[in-house]
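See below for the structure under consideration.
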Amino acid sequence: MAKIQTKNKDAPLRHLAIIMDGNGRWAKAKGWPRLRGHQEGANRVIEIAQACKKLNIPYLSLFAFSTENWQRPAGEVNGLFKLLNEFVQKYLKTLHEDQVRLVISGQLEALPTLTQTLLKDAINATASYQRYTLNICVNYGGQDEIVRAAKKAMHAIQNGVIHEVDLTSKTFHQFLDSAVLPPIDCMVRTSGELRISNFMLYQLAYAELIFVSLYWPDFKEESLFKVLKQYAERKRRFGQV
Ligand code: FPP
């Protein structure tokens, strides 16, 4: 399949990012516990990742757990990490088959030990793949990432790895958790909320934003095709006329 282009055919869609919102409301509407919504949401993750492969989109970023999500009830937090563990255990083979590199943005240290081990092993095992990259944001906040990147840049300058004059908005990118991913071309948020919610603030600078009213568990391959039709109608200007 040809790569997805915008109207002015400036550049193919390389990096799609998604705020997977509405799992709780989806479950509530059906009278089910919130975790059931997250379970169904996890099923969509692999479907949408496979759809991106079909559509020739090499980079996919997903917001799975924010630095604020720790404030949710312990049962829900534990349930989310259990789903993440199951996801890695179940799909590691597929990541290898499809040559998908797994990247995690966010601070891993605070996660349950098993989750950390599974994620670190999967990151290492897939590190050499260059065809596709799946970036999952876990214990992630955009401002937190920028602050940590600034500290890394400061240390690099102090240690003479980079000269201060060479630190620009382009070179700063190398200090972000998602350093191996290009800037985001298109960001989708499900559930009808019209916010960025501290998601990949640096990488979103010139992204096209698309908000859909569907809850994430209802966001299927067809919904992605519709979103990408909207993206293809956009004219990207990158601050120019
Ligand atoms: C937002 O919905 C969603 C989350 C906080 C978690 C997203 C997690 C998954 C889709 C499943 C696990 C992820 C992977 C990568 C396997 P919400 O709970 O805030 O919904 P609400 O706004 O309707 O309450």
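The values are calculated or read from the model by the stated rules, or taken from the named source; none is laboratory data. Source: prediction; values computed, not measured. Please note: Cβ atoms are built from the backbone with ideal geometry, for glycine as well, and neighbour counts cover all protein chains shown. Ligands, DNA and RNA are excluded from the accessible area calculation, which covers all protein heavy atoms including side chains. Shrake-Rupley method; radii C 1.70, N 1.55, O 1.52, S 1.80 Å.
Shape summary of segment 118-163, radius of gyration then Dmax from alpha carbon positions: 14.3, 37 Å. Counted over all Cα-Cα pairs of the chain, pairs farther apart than 32 Å make up 19 percent.
Estimated from helical segments only, the mean residue ellipticity of the chain at 222 nm is -13000 deg cm²/dmol, where each DSSP H run of four or more residues counts as -39500 (n - 2.57).
Residue-wise HN-Hα couplings along segment 25-30, as the Karplus relation 6.51 cos²θ - 1.76 cosθ + 1.60 with θ = phi - 60° gives them from phi, are 5, 4, 5, 4, 4, 9 Hz; Gly and Pro carry x.
Here segment 34-154 was treated as a single set of alpha-carbon atoms; its pair distances binned every 10 Å from 0 give 12, 44, 35, 9, 0 percent. In terms of the mean number of neighbouring beta-carbon atoms within 10 Å, the peptides 190-198, 75-83 order highest first as 75-83, 190-198.
Hey, what's the chain come to in accessible area per residue, 1.4 Å probe, Å²?
Details: 12400 Å² over 241 residues.
I get 51 Å² per residue for this part.
Close amide H contacts of residue 162 (hydrogens built in the peptide plane, cut-off under 5 Å, sequence separation of 5 or more or a different chain): 157. Between the amide H of residue 61 and those of 16, 17, 18, 135, distances stay under 5 Å, these residues lying 5 or more places away or on another chain, with hydrogens modeled in the peptide plane. Determine the alpha carbon to alpha carbon distance for each of 30/90; 53/235; 82/120; 170/235; 28/90; 54/82 and list only those over 18 Å. Violating the 18 Å Cα-Cα cut-off are 30/90; 53/235; 170/235; 28/90; 54/82. For segment 172-241, count all C-alpha to C-alpha pairs, find those more than 14 Å apart, and express that count as a whole percent of the total. The answer is 65 percent, as a whole percent.
Quick one: grab the alpha carbon gyration tensor of segment 98-241, order the square roots of its eigenvalues as a ≥ b ≥ c, and give me rounded if a/c is under 1.5, else prolate or oblate depending on whether a/b is larger than b/c.
Oblate, since a/c reaches 1.5 and b/c is not below a/b.
Mean sequence separation of contacting Cα pairs (under 8 Å, at least six apart), scaled by the length of the chain, corresponds to a relative contact order of 29 percent.
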